[in-house]
Amino acid sequence: MGHRHMKFLAVGLNPVLQKTLIFEQLQPGCINRAESQLATVGGKSIHFAIAGNTIEPASTTVAYFRGGETGEYIQQIIDDYQIPHIAVEIPGKTRVCTTLLCRTTGQMTELIEPSPEIPPAFSDDMRTRVLEALGQFDGIGLCGTWPPGVGPEFYAEIAANKGQATLLLDSCHMVEQTLQTGQVDILKINADEITTLCGTSDVFAAATACRERYNVEHVAVTDGPGRAFLWSGNRHWVFDLPALDGLLNPIGAGDTVAAVMLVKYLAGMPIDEAFAQGLAAASASCKHFLGAKFNAAELSEMRPAITVTAS
């Protein structure tokens, strides 16, 4: 029997034109001249789709709004990446995110424009198109927040109608309605987000509360370069990440974790190893200027450096 081609959908309604300015040494309050710049696509769902398609080419479709010249530019890049898409053209202009990278300190500063408001007719169009397409996907990623004019019921409706698909939620803002559907299979979230969501400063207590309160089967928690954690069934794992030499840009790393984890898990990999693979891909991506950028060789090289402890 041949390998079945899995299909995934990344829903994230806040794309950006990602401009990155690179400085030898960034000095706040002063005139700073960039030594180089990059312009590419950004936003959680697009990074998710880039990472997913790196693991399984042409597997991951992205659903997003686009508008104006920036939206056209984003579409050109998505086409260059050969990413399948469900796109709705809006009257407003897709926002720009400008990232300032200081090579001396390794610090990143992001300047994010406000998102354009989505008129009801355009939001309804996207909702209809996504709901009609759900049946063709094996996995669904709900990524990040939504722009003005779209509310939390958008993700909740997708969750309620996911059918047999495995649903991963990578968001923390106003997600209770989605979690309350009981249809979220994997909650991928960072440590600050899960403690805020559950109203406790203890990550372990927060994960337990999420699983009990919302019937989430797997909870995966990241903390940047710090330890990551996974809870599944009656087990949990701790993941120690290596220190990275040559760190260039962490943008898109969390989205890479989510996408690789979901794709690997639905390919039959145990959930703990799928999460480890996602962490390895994300670590590799941090060594590129472009978000969610890595290749199979880099993932394989990084994976042995991640220590997994089960309990």
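Values computed for the structure shown
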quantity	calculated
Selection from region 148-160 of residues that are touching a strand residue (DSSP E or B) at 6+ places or on another chain (Cβ under 7 Å) and either within 16 Å of residue 220 (Cα to Cα) or not aliphatic (A, V, I, L, M) (or both)	155
Selection status of residue 192, more than 27 Å from residue 295 (Cβ to Cβ) and either surrounded by 21 or more Cβ atoms within 10 Å (Cβ to Cβ) or within 19 Å of the chain's Cα centre (by Cα) (or both)	yes
Pair list, Cβ under 6 Å, 6 or more apart: region 127-150 residue without any contact (Cβ under 8 Å) to a residue 60 or more places away in the chain, other residue surrounded by 17 or more Cβ atoms within 10 Å (Cβ to Cβ)	149/118; 149/123
Criterion violated by residue 26 - all others in (1) touching a Ser or Thr at 6+ places or on another chain (Cβ under 6 Å); (2) part of a loop (DSSP other than H, G, I, E, B); (3) aliphatic (A, V, I, L, M) satisfied	(1)
Residue, surrounded by the fewest Cβ atoms within 10 Å (Cβ to Cβ), within region 172-184, restricted to residues that are among the aliphatic types (A, V, I, L, M) and under 14 Å from residue 218 (Cα atoms)	179
From 169, 187, residue being open to solvent by less than 30 Å² (accessible area, probe 1.4 Å), touching a Cys at 6+ places or on another chain (Cβ under 7 Å), under 22 Å from residue 270 (Cα atoms) and of a type outside the set (Val, Ile, Thr)	187
Sole exception among (1) touching a strand residue (DSSP E or B) at 6+ places or on another chain (Cβ under 6 Å); (2) exposed (fewer than 14 other Cβ atoms within 10 Å of the Cβ); (3) not aromatic (Phe, Trp, Tyr) for residue 163, by number	(1)
Cross-chain or 6+ apart pairs with Cβ under 9 Å, region 73-84 first and more than 11 Å from residue 46 (Cα to Cα), then exposed (fewer than 11 other Cβ atoms within 10 Å of the Cβ)	82/57
Check on residue 7, open to solvent by 30 Å² or more (accessible area, probe 1.4 Å) and modelled with pLDDT of 95 or more	yes
Residue within region 91-100 that is in contact (Cβ under 8 Å) with a residue 24 or more places away in the chain, among the β-branched types (Val, Ile, Thr), open to solvent by 20 Å² or more (accessible area, probe 1.4 Å) and over 18 Å from residue 146 (Cβ atoms) present	yes
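The values are calculated or read from the model by the stated rules, or taken from the named source; none is laboratory data. Remember, it's a predicted structure, so these values are computed and weren't measured experimentally. Positions of Cβ are backbone-derived with ideal geometry, glycine not excepted, and every protein chain shown enters the neighbour counts. Ligands, DNA and RNA are excluded from the accessible area calculation, which covers all protein heavy atoms including side chains. Shrake-Rupley method; radii C 1.70, N 1.55, O 1.52, S 1.80 Å.
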